[in-house]
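Accompanying notes for the structure given below.
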Amino acid sequence: MEIFTDIYLGDSKEKLKLLSDNSVDLIVTSPPYADQRKSTYGGIHPDKYVEWFSPISEQLLRVLKPTGTFILNIKEKVVNGERSTYVIELILAMRKQGWLWTEEFIWHKKNSYPGKWPNRFRDSWERLLQFNKNKKFNMYQEEVMVPMGDWAKNRLKNLSETDKKRDISKVGSGFGKNISNWLNRDKAYPTNVLHLATECNNKNHSAAFPEELPEWFIRLFTKQNDTVLDPFMGSGTTLIVANRMNRNSIGIDIVPEYCEMVRKKLQPVELYLFEPKLKYENNENTEFGRSSAIR
Ligand SMILES: C[S@@+](CC[C@H](N)C(=O)[O-])C[C@H]1O[C@@H](n2cnc3c(N)ncnc32)[C@H](O)[C@@H]1O
């Protein structure tokens, strides 16, 4: 089986039009945040953000498969002492466009800079918004299970009668739990909070993802040979991780230096095109070849 990695140099708004309808299984991306990092790759005014992003999210809706998922990493900054509301406005606009806002994961940045502000504490989390086209989408929950750890030992030691029955949520959410189900298990499903350190050193990009971030979502929402898209790829973390995990990937960036940097990082992969084909070992014993192209 051949795994491809395609890089497009240019504006996502235009380059996304080159991709086929319903062709992508997972989109993981972190677009430029409103008005931030002006010195490196331009910023969009918070008041113009929805207008700027809407044609892009319209294309993303077109290229995502009905079973696919879109993970959008974003965070509103403080303007004149108030949190700006552009992310909330963006969620509402995307719902009108046809997206379902399925979930919000939190990226807890374990190593955020210490600091002191007169009216707030240091910001140590970002939003990871999950959007889908349908209520039914591919999700492989077993792939991200975590060790039960000490919680199990303490919480499950003395179970009450309620704990032994299914405990229907008191807030009417429709969710319930039967804690005794988790006795004698060594793994549990994770929460919607990801505790990950930021990783900008050695990446030559000021806002790179930690590799575990795309990796976690790729495991949760895709299988081998599926296709992952990052329309604001920066240093290419999403593509590099996807490739390592035997997923096809597509990346777009408007800065030529970033495209060149990702191409170089993928160069050992390109060699497979010209050398006698090296085959990758993987859990499913499928053989994978590699190809990559810059467009
Ligand atoms: C926050 S960074 C992404 C970092 C990336 N997640 C990583 O791990 O390196 C956003 C990227 O979007 C790119 N960008 C900004 N506007 C763009 C546009 N209109 N089309 C494509 N890329 C754009 C920037 O050059 C920048 O590299």
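So which strands (runs of 3 or more DSSP E) are wholly in the range 184-259 and hold at least 1 residues that are closer than 17 Å to ILE71 by Cβ and within 9 Å of the ligand (Cβ to nearest atom)?
227-230, 248-253
Could you tell me whether the range 71-81 includes any residue that is loosely packed, with under 15 Cβ neighbours inside 10 Å, in the same structural domain as THR29 (by TED's automatic domain parsing) and under 17 Å from ASN22 (Cβ atoms)?
The answer is no; no qualifying residue exists.
A quick yes/no check of all residues on (1) at positive phi; (2) within 18 Å of the chain's Cα centre (by Cα):
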{"residue": "SER112", "(1), (2)": "no, no"}
{"residue": "TRP117", "(1), (2)": "no, no"}
{"residue": "ASP123", "(1), (2)": "no, no"}
{"residue": "GLU126", "(1), (2)": "no, yes"}
{"residue": "LEU129", "(1), (2)": "no, yes"}
{"residue": "LYS133", "(1), (2)": "no, yes"}
{"residue": "GLN141", "(1), (2)": "no, yes"}
{"residue": "VAL146", "(1), (2)": "no, no"}
{"residue": "GLY149", "(1), (2)": "yes, no"}
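For residues that are more than 20 Å from TYR86 (Cα to Cα) and polar (S, T, N, Q), scanning just the range 109-127, find the one that is modelled with the lowest pLDDT. Explain how you work it out, then say what you get.
Of the range 109-127, the ones more than 20 Å from TYR86 (Cα to Cα) are 109-119, 121-122.
Retained after the next criterion (residues that are polar (S, T, N, Q)): 111-112, 119.
Numbers: ASN111: 84, SER112: 81, ASN119: 89.
Across the range 109-127, the extreme among qualifying residues is SER112.
If you check every pair at least six apart or on different chains, which have Cβ atoms under 7 Å apart with a residue in the range 184-197 that is more than 21 Å from GLN130 (Cα to Cα) first and a residue that is among the aliphatic types (A, V, I, L, M) second?
ARG185/MET148; ASP186/MET148; LYS187/MET145; LYS187/VAL146; LYS187/MET148; ALA188/MET145; ALA188/VAL146; ALA188/MET148
Answer with yes or no whether LEU60 is surrounded by 15 or more Cβ atoms within 10 Å (Cβ to Cβ), under 21 Å from THR227 (Cβ atoms), in contact with a Lys or Arg (Cβ under 8 Å, 6 or more places away or on another chain) and touching a residue at least 60 places away in the same chain (Cβ under 8 Å).
No; evaluated as a whole, the condition is false for this residue.
Output the residues belonging to the range 242-293 that are modelled with pLDDT of 90 or more and at positive phi.
Scanning the range 242-293 gives a single hit, ASN246.
Take ILE88 and tell me if it is away from the ligand (no atom under 15 Å from the Cβ) and in the same structural domain as ALA242 (by TED's automatic domain parsing). Spell out the reasoning first.
Values: away from the ligand (no atom under 15 Å from the Cβ): yes; in the same structural domain as ALA242 (by TED's automatic domain parsing): yes.
Criteria met by ILE88.
The values are calculated or read from the model by the stated rules, or taken from the named source; none is laboratory data. Source: prediction; values computed, not measured. Using ideal geometry, Cβ is built from the backbone for each residue, glycine included, and neighbour counts are taken over all protein chains shown.
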